[in-house]
Each structure stands twice: as C-alpha cells, then as structure tokens.
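Take this structure, written in structure tokens, and hold onto it; I'll ask about it next.
The values are calculated or read from the model by the stated rules, or taken from the named source; none is laboratory data. Please read these numbers as outputs of a predicted model, since none were measured by experiment. FYI the Cβ positions are ideal-geometry reconstructions off the backbone, even for glycines, and counts take in every protein chain you see. Surface areas here come from the heavy atoms of the whole protein model, side chains and all, with no ligands, DNA or RNA. Shrake-Rupley method; radii C 1.70, N 1.55, O 1.52, S 1.80 Å.
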2 protein chains.
Amino acid sequence: MPIVNTKSIEDKRKTGIRFIDCDIHNEVPSNEVLKQYLPTRWKNYMDMVGLRGYHGFVQNIPYPKGNPGGTRADAWLPNGQIPGSDLKFMQEQLLDPLNMEIGILNCLYRVGEQLNDEYGAALARAVNDWQMAEWLDKEPRLRASIVIPYENADLAVEEINRRASHPGFVQVLFMPRTREPMGRRKYWKIFEAAENHGLPIAIHFGGLGGNAITSSGFPSFYIEDHTDMAQAFQCQVISMVCEGVFERFSNLQTVMLEGGFAWVPSLMWRLDKHWKRLREEVPFLKRKPSEYIRGHMRFTTQPIEEPPVQDYLLQVIDHLGSDDMLMFATDYPHWDYDAPDHTFRGKFPETLKQKIFYENARSLYRFPEKE
Amino acid sequence: MPIVNTKSIEDKRKTGIRFIDCDIHNEVPSNEVLKQYLPTRWKNYMDMVGLRGYHGFVQNIPYPKGNPGGTRADAWLPNGQIPGSDLKFMQEQLLDPLNMEIGILNCLYRVGEQLNDEYGAALARAVNDWQMAEWLDKEPRLRASIVIPYENADLAVEEINRRASHPGFVQVLFMPRTREPMGRRKYWKIFEAAENHGLPIAIHFGGLGGNAITSSGFPSFYIEDHTDMAQAFQCQVISMVCEGVFERFSNLQTVMLEGGFAWVPSLMWRLDKHWKRLREEVPFLKRKPSEYIRGHMRFTTQPIEEPPVQDYLLQVIDHLGSDDMLMFATDYPHWDYDAPDHTFRGKFPETLKQKIFYENARSLYRFPEKE
C-alpha cells in the first residue's frame, strides 16, 4: 500500500504540477451522526432496520474496522473513528501535504441501494445536508457529489433539484451495479435533471442491484470481485452509448470512478466493429460508439493499471484517441490509494501530466482558472 | 459482413501462409437427424420438451432462419438447410477456397445448458456420435470439440472418457455463461479429466447459466449482448486464475473462442496489481496472475478488434508479453465471420502472421509438423 511520499511531492511542486483529486471519500462517522439530519420517522426506521439493500438482508454501517474492502490502516483516527469521517484529519493527511487545490468527495453511504425507496430518499437528503454542514461549508477546497436514491428516478430528481444550487455540489453519484443497465429509460429523468443543472453523472466502484457481478454468478474471492468491477463499468459504458443517452442528452457528461481505463480502447474497437454491422438495431445513434465515449466519458486514474513496461500506459492513452479523458484520483482513505508519484512512475510528458492531474478536471467541472 | 475474397487468398498462398481455423461451427441440421443417435427414452423426451435451459422455457433448435445471432446469408444451403449442417457445402465454401490444413469444429448445440442433467448427457453422446459419423470420419482436415453437460461434472467426465480416444476430438467445449464461475470446484473433475487426456478446455461465446450477462441485469439490445460477451470471458479468466486451477492442473490449457483479446493486457495489469496487495487471500497462487494467463490461455482472433490505427493491434500483442497466445479463427458460418485477409489488414510481420494463422494452434494441439 503506497503512502504519501512527501519528498516526491515536493519534487512535483517544483515542476509546477497542480492537483485536483477527483475521488476522496468522506464517511458518515456513525448512524448517530446521520440521525441528526433525519426526521423522526426515519430515525426510528434506522434503529429498527439499519440498511437493507438488494440482497434483502439487514446491513449495518459500511466499512467496519478490518474490512478488506476498506481503508488505509493509517487513516483510522487516533480515537478509533472511521477513516474519512473527520475533516481536520483529512486536511492534515491529504489536502495539505499534497497541496491539493480541489478535492471531490464521493460519499459511499448506501443511499442508492435501499429497497425502501422513501427511506433511500430520506437518507440521501440527510447525507447531502451533512455534507454541506460538515464538509463543504467548512473547507473551500472541497466539492462533493449529490447522493441520490438512483433506483427511483422521481425521488432522485427531487433531491438533485433540492441541492443543485449549492456551489459545492459538482456532480450526481451512482454506483455501477445498478438494478438495470444505466442506459435504460428508468434512469433518463435523472440524466435530464443532471444535464439541466450542468452536473455530470459520476459512477463510482461498488453498489448492488440484485445481480451477481459476473454473468456466471458470484466469484469466491474479493480479489475477483475487485477485478471484475471493471466489467461492471464496461456494461454501463456499452449500455449508455447503445441506448442513445448521449443523443438524447447531448450536453451530459459522465465520470467513471475507480474502474480503470486501460480496457476502454479495446471496448471502443469491439463496439465500433459491431455497430458497423448491427447499426440498424440502434438507428438513433448518429455517430460511432467510440465518439460518444470520447465526447461524454471521463475516467479517473485510480486504481491505475500497472503494466510491466510503463510506456505501455502511454500507448494505451494514445489508443484512447484523446488526452482529455483521464482525471487524477487518490481514492483516499481506501486501502488501494494511489499517491500522485505512484500514478505515473515512468517518463510521462509534463503537458499530459498537467492535463490528467489538473486541467481535464478543471475543464469538465468548469472550475475557474487561477494563475 | 466480409465474404471470402478469393483473389486475396491466392495472394496469401504466394506468401506461404498456412491456415488452421480454430472455430468452425457444424450445426445439427434438425432434431430428426439427432434422434437417430438418441435412445428411445430421450427421443420421446425431445419430442415432448425440445430443449430447456437455465431460463426455464422450452426452446427449440438454435439458429432459426433470420436469427440476428445467426448466420451468414450466403451460408444457407440451396435446399434451405441451415448453415454449417452439410459437410460438402462447408468443404466448397470454406475448406477448399482457403486451402485450410485443419479446421476445428465447435458444435454449439445446447447440451451443456440442459436443466435435466441426464438429458444433457444423452444429447452430448448423440452430438459427439453424430460428429464422428458425419464429420470426423468423412473429412481428415476436420477436428472437433467434445461437447459435454458441463454443469454436471460426473456426467461430463463420463463423456470425455468415452470419446477422448478418438483422434478427431482435440478439446472439451464449454460456453462462458456457466452456472458458476469456472474456477470453482464444481468443475475441477472436468479439468482433471481433460488434463489426463491431454485435451485443452475450450470456451466458446454463448451459453446461459441463469445469470444476466451484466452485473446490472439484461441489456436491451443484441449489440450490447454481443459486446458484453467479452466481459463474460473476463470473469472466467479471473476465476480460473484466482481459484488456482493452473496450480492444481499444471498441464491444463484453455482456449477462449470468440471473446476477443485486446482486453487481455489491461486485465493482466489490473489483476497483477490487486494480487500484489491481496495475495494473502489466494495463497495457493505461486506466480503472478498474468503468468498463468500467458502460460495456460490462448485466444482466437475472431471477432478481431479493429482499431482505427492498425499498428495499435501490434502494440496490444506486444502488451500481451507473448506471441504464442493468439490463434486464427473464422467463425464460419456465422454472420460475423472474419476472412483471413480481414484479420490482419495492416503491415503485420510475416513471422507473427504465421504463428497466429498456423503455428500456435499446431503447437497447442500437437498436430504433426508437415513440410
């Protein structure tokens, strides 16, 4: 597990590299904290049911200590509080040493997966209010994703409309394991609302919509789950493109968080080839699938694929056909955190680094240019 | 849909390129033909039930005319018989014009997916007997896969043992949408039998094990299904490696048919990276995941990914870290057939072409070297 290497960060500063971190996780420290933002009905419901998702089981707060899907050992607070749950600690461990200009919070509290739609909507309101009060209004370097009950488009749109005007919220958050492929019409109202507010749709590793992660059911090991997650993203890329989402919502942008990117070229080639022969099935597509991907999809770097020869990554970026598509992310405070000096270890052109570490995100989120 | 371009094939002959086609489909022409190879009990069962797979519905013979998942329009016989069902027609349309030295038949009759295990086993016996009588014993250029009821390992092993001694059978056939990820122990007896007989495990596009093809359920369009199938293969690669199949069966080889290959490097990089940090979960793996993939997995070329710049494919082959892993296939007589002149349109080194068109398959299947 790489940790922040202060020396190399100082080296980076000399080169003038600036950072926007597109994937930081703020964690609700406990259900007790969240209850302060919930009305009585849902406070009582939380005490009775906890969380209950598409597995049907009652589940408690995510990321228990020691969870292998969890967190950096050094990110636990001295008082035992869970990683990512304290602003001051995050400032000291991440924002200050990396001299981060902007960091985007993606809170993974499982609001989007609640079988009880109304409860999911109440949790979304509570988490977003907590994000405003405890994070955005206290730290100007931070931005956040609006969390939504994404399996119910009407309730999700209500929450987007309620919070989109706060300048700290810069996108709308999904997880890739949705109930249906994301291009399907049940999600279109959400895309419409996001587009109307100029907010990208972000999709972050995880989720559970009731289906196994593979087309052959559940794999035995966590290492498989984590590797298979790339396929969960691939299906969503294919679905959103093939359903014509970007013809219908031509200003919509999407951000794929923690799914990797080295698989994107081969997917574009396969899909373009099939489209040439099967385009009659999707006549509303006016352009090649790869053009929608290049024009409407961004991918964050963490966990960056690590080829044995670093130049291969440069070739893969070449294969993407655009150097606008990649954006830097650390995934702080999770176990597979990528430090900036880890992300590009080979000889990467400085202009490309600057685009990936900073400029591509600045441009997508329309953050003002500073000197 | 590319068709055979005789002129360019003649050009290929001049360059001395030799062909082994690793994926040809022979089709059972009708249930009436198959019934000649079935005992009375199962003949009657076929009349009553037809085929019944992991969707639970009664299903009839695959590839009805006009099926978009189907066949080349020019491969239908003049008498209306389904493509791939007649040896003479296949000789005239494929083997002779391409001057094919060896072609491997993968019969996709759905024996592996029958919910009734005993019926699946009876169908496997019938299909393999039909393959011997109608194809292998009549045409020395052809080889075939043993079809098996792969969801029941005991019955599958019986069938492998029954037919492995026939020199025309060169591998054992699965489809990637199995009931469980293929690395799991329920399939190990099959791997053991295949290894004992020196037969690779082939996995061909298709199948249905009861799970949706994506982790978000069923996609709307066939173009998605066809593109998502690459992910079905990816999960199997990950599962077989992570479960230690190639530690347990160190002489076992596998062949991935019609799943593409340009995604393999990025999968190796992601999996190797996770293994470095999570290897305690799979302590029986003695080597990096990518080493098992390179040592035990082969991928056929059709449908070959088609990048906008042909040199990218050469770079991808470079990223594989081995030029032994790819083998040529046409997928005759299906709609997305790749002619040899279509497979490598750019400037490919002749030695690499010779390996992919011929030598890698010759070596894997231990076909004797001819002058």
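In 10 Å bins starting at 0, how do the alpha-carbon pair distances of the stretch B:242-348 split up by percent?
The percentages, shortest bin first, are 14, 41, 29, 14, 2.
Could you give the spread of the C-alpha atoms of the stretch A:294-371 along their three principal axes, from largest to smallest, in whole angstroms?
Per principal axis, max minus min of the Cα coordinates gives 37, 32, 25 Å.
Mind checking which of A:LEU285, A:ASN196, A:ALA124 is farthest towards the positive end of chain A's charge dipole, using Cβ charges of +1 (Lys, Arg) and -1 (Asp, Glu) about the Cα centre?
Most positive-ward Cα: A:LEU285.
Still on this structure: Tell me the per residue accessible area of the protein assembly as shown using a 1.4 Å probe; a whole number in Å² is fine.
35
Kindly write out, for the stretch B:75-90 in residue order, the coupling ³J(HN,Hα) from the Karplus curve 6.51 cos²θ - 1.76 cosθ + 1.60 (θ = phi - 60°), rounded to whole Hz, with x marking Gly and Pro.
Using θ = phi - 60°, the values come out as 9, 5, 6, x, 7, x, 5, 6, x, x, 9, 10, 4, 4, 5, 5 Hz.
Across peptide A:256-263, what mean number of C-beta atoms from other chains lies inside 10 Å of a residue's C-beta?
3
What are the nm distances, shortest first, from A:HIS55 to its equivalents in the other copies, labels at 7 Å along Cα→Cβ?
Values, ascending and in nm: 3.0.
Right, another one. Could you please point out the chain A residue with its Cβ nearest to the axis of the rotation taking chain A onto chain B, and the distance in whole angstrom?
For the rotation taking chain A to chain B, the closest Cβ gives A:GLN231, 2.
Taking amide hydrogens as modeled 1.01 Å from N in the peptide plane, which residues meet the under 5 Å criterion relative to A:MET297, leaving out close sequence neighbours?
A:THR254
Also, I was wondering about something else. Report, ordered by chain and residue number, the aspartates and glutamates lying within cross-link reach of A:LYS186, taken as a straight Cα distance under 13 Å and ignoring same-chain residues fewer than 8 apart.
A:GLU151, A:ASP154, A:GLU243
Tell me the accessible surface of A:LEU105 in square angstrom (1.4 angstrom probe, heavy atoms of protein chains only), to the nearest ten.
Accessible area, nearest 10 Å²: 0 Å².
Here's another thing I want to ask about it. What are the nm distances, shortest first, from B:ALA73 to its equivalents in the other copies, labels at 7 Å along Cα→Cβ?
B:ALA73 label point versus its equivalents elsewhere: 6.5 nm.
Treating the point 7 Å from Cα along Cα-beta-carbon as the label, what are the nm separations from B:PRO39 to the other copies, to one decimal?
For B:PRO39, the other copies' label points sit at 6.8 nm, shortest first.
Right, here's the next one. Before rounding to the nearest 500, sum -39500 (n - 2.57) across all DSSP H runs of length at least 4 in chain A and divide by the residue total; then give [θ] at 222 nm in deg cm²/dmol.
Rounded to the nearest 500, it is -10500 deg cm²/dmol.
Give me a comma-separated list of calculated 3J(HN,Hα) values for the stretch A:243-251, in order, Karplus coefficients 6.51, -1.76, 1.60 applied at θ = phi - 60°, integers in Hz, x for any Gly or Pro.
My calculation for the stretch A:243-251 gives 7, x, 3, 8, 7, 6, 10, 6, 9 Hz in order.
How long are the semi-axes of the ellipsoid equivalent to the protein assembly as shown, from square roots of 5 times the Cα gyration tensor eigenvalues, in whole Å, largest first?
In descending order the semi-axes read 47, 28, 24 Å.
Run the numbers on chain B and let me know its relative contact order in percent, using alpha-carbon pairs under 8 Å that are six or more apart.
Answer for chain B is 20 percent.
Give me the net charge for the shell around B:PHE261: Cβ to Cβ below 11 angstrom, other residues only, Lys and Arg +1, Asp and Glu -1.
Once positives and negatives cancel, what remains is 0.
Ok, one more. Just to check, using Stokes-Einstein with a Kirkwood Rh over alpha carbon pairs, what's the diffusion coefficient of the stretch B:6-365 at 20 °C and 1.002 mPa s in µm²/s?
103
Can you list residues whose amide H is under 5 Å from B:PHE169's amide H, if they're 5+ apart or on another chain and H is modeled 1.01 Å from N?
B:ALA144
Now for a different question. Could you give me D for the stretch A:137-211, from Stokes-Einstein at 4 °C and 1.567 mPa s, where the hydrodynamic radius is the Kirkwood radius over C-alpha pairs? Units µm² s⁻¹, please.
102
In addition: Between B:ASP323 and residues 5 or more places away or on another chain, which pairs have amide H atoms under 5 Å apart, with H built 1.01 Å from N, and which residues are they?
The answer is none.
Using only atoms on other chains, find how many Cβ atoms lie within 10 Å of each Cβ of peptide A:246-255 and report the average.
Counting Cβ atoms of other protein chains within 10 Å of each residue's Cβ and averaging gives 0.
Summarise the partner chain shielding of B:300-309 as one whole number: the mean count of Cβ atoms from other chains within 10 Å of each residue's Cβ.
Partner Cβ neighbours, averaged per residue: 4.
Same structure, new question: How would you order A:78-88, A:326-336, A:277-287, B:239-249 from highest to lowest mean count of nearby Cβ atoms within 10 Å?
Listed from highest to lowest mean packing, they are A:326-336, B:239-249, A:78-88, A:277-287.
Along the stretch B:166-181, what does the Karplus equation 6.51 cos²θ - 1.76 cosθ + 1.60 (θ = phi - 60°) give for ³J(HN,Hα), rounded to whole Hz, x for Gly and Pro?
Karplus values, whole Hz, x for Gly and Pro: 6, x, x, 8, 10, 6, 10, 9, 10, 10, x, 8, 7, 5, 10, x.
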